[in-house]
Amino acid sequence: LAANQADDLYAFSTDFWLDTTDVRPGDNVHLGLTVRRQSGVSLPALSNVTVDFFDGDPANGGVWIGTGTVPSLAPNQEAATTLVSWKPTRAGSYQLFAMIDPANQVVENLENNNLLSKVVFVRPAMTDTTPPVALSLSINTGASLTTTPYVFLNTNAQDEVGGSGVAHLLFVEYE
């Protein structure tokens, strides 16, 4: 293909990202996509390449979430979109979609690689958000100021009324 005609925008499935891995209903999650450009080197840089994000397939009634923009994209380069906010409303599985250049502003040799999807699992809302409180800690029942490689730890901890209880305690040893 001629150096001033070949142009394609695309992304890999791993280029579709969220800013967190622990998503819960009501969380403000940021979505983004790294857009790649394969093109002739004599073509000018593209500006303001848009990417629309959807909850569900846009061809089958998917709900538009927002639009991210790649401010500048030079030939044979890649760049990330601006962040798009998404707040899931329920726990469960979501199939999100990203559509590169939805208005077909860029003339491309290949248009069928501009839609990507990502399955996101939203965990149930947390019911207990207050951590338990450690009330006391003693080493070797407080009997000795020096220790051996083996020590006995005794702790007392409690959770708030209505909490889920004390499941784990973490001890960190510093030397």
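The values are calculated or read from the model by the stated rules, or taken from the named source; none is laboratory data. Owing to the predicted nature of the structure, the values given are computational and were not obtained by experimental measurement. Glycine also receives a Cβ, built like all others from the backbone with ideal geometry; neighbour counts cover every protein chain displayed. Calculation scope for accessible area: heavy atoms of the full protein, side chains included, ligands and nucleic acids excluded. Shrake-Rupley method; radii C 1.70, N 1.55, O 1.52, S 1.80 Å.
Values computed for the structure shown
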{"quantity": "By accessible area with a 1.4 Å probe, ligands and nucleic acids excluded, highest first: order of LEU31, LEU18, LEU153", "calculated": "LEU153, LEU18, LEU31"}
{"quantity": "Probe 1.4 Å, protein heavy atoms only - accessible area per residue of the range 1-126 in square angstrom", "calculated": "53 Å²"}
{"quantity": "Of all accessible heavy-atom area on the range 31-175, the percent that carbon and sulfur account for (1.4 Å)", "calculated": "55 percent"}
{"quantity": "Student exercise, the chain dipole from Lys, Arg, Asp, Glu Cβ charges, in Debye to nearest 20", "calculated": "140 debye"}
{"quantity": "Range in the chain, longest, excluding exposed chymotrypsin sites (Phe, Trp or Tyr not before Pro) [loop by DSSP; at most 15 other beta-carbon atoms within 10 Å]", "calculated": "13-149"}
{"quantity": "Given charges at Cβ of Lys, Arg, Asp, Glu: the chain dipole, positive-most of PRO75, LEU110, PRO44", "calculated": "LEU110"}
